[in-house]
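Here is the structure we will look at.
No lab work stands behind these numbers, since they all come straight from the coordinates. As the structure is a computational prediction, the values presented were derived from the model and not from experiment. Cβ atoms come from the backbone with ideal geometry, glycine included; neighbour counts cover every protein chain shown.
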Amino acid sequence: MQQVGRNATMQDTGYLNGCRYLLHDRDKKFCREFRETLAASGVDCMPIPARSPNLNSHAERWVRSIKEECLSQLILFGETSLRRVVSEYLEHYEYAS
């Protein structure tokens, strides 16, 4: 997991590069070494409260919405088109709610 933390915070290719927080559940895989590796790169690990299933339901509903309403309707070619479509969906979603 320490190597996963290093990969996630790599300078150019890490998916947590530029992020300030990482929300995660209380799984044992998020060990002290993993959290320390992320903290060294400026990412604060924040475990969700114990026995709080409704916190994840909002994220799952949003993922289901964007999949069904947006991504399943399109054929995307590469990361650039995916990023553009998702950003346009986010813009629309913020104004519609």
## Note on the structure
Given unit charges at Cβ for Lys, Arg (+) and Asp, Glu (-), the dipole magnitude of the chain about its Cα centre in debye, nearest 20, is 420
### Contour excess over end-to-end distance, with Cα ends at N54 and V86 and 0.36 nm allotted per residue
9.1 nm
### Query
Along the charge dipole of the chain, which of Y21, S57, G5 sits closest to the positive end, that is, farthest toward it, with unit charges on the beta carbon of Lys, Arg, Asp and Glu (+1, +1, -1, -1)?
G5
### For the chain, calculated [θ]222 nm from helices alone, where every DSSP H run of n ≥ 4 adds -39500 (n - 2.57)
-16500 deg cm²/dmol
### Summary
If each part is reduced to its alpha-carbon centroid, the stretch 76-93 and the stretch 1-58 end up apart, in Å, by 25
### Task
For every other residue with a beta carbon closer than 10 angstrom to the beta carbon of L76, add +1 if it is Lys or Arg and -1 if Asp or Glu, then tell me the sum.
+1
### Three-way shape call for the chain based on the alpha-carbon gyration tensor, with the a/c threshold at 1.5
oblate
## Note on the structure
For I66, I48, ascending order of other Cβ atoms within 10 Å (fewest first) is I48, I66
### Task
Using amide H atoms built 1.01 Å from N in the peptide plane, name the residues 5+ places from H24, or on other chains, whose amide H lies under 5 Å from its own.
M46, I48
#### Entry: Per-residue HN-Hα couplings for the stretch 77-91 [Karplus 6.51, -1.76, 1.60; θ = phi - 60°; Hz; x = Gly/Pro]
10, x, 5, 4, 5, 4, 4, 5, 5, 5, 5, 5, 5, 4, 4
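Given a cut-off of under 8 Å on Cα pairs at least six residues apart, what relative contact order in percent is computed for the stretch 22-69?
Worked out over the stretch 22-69, it gives 38 percent.
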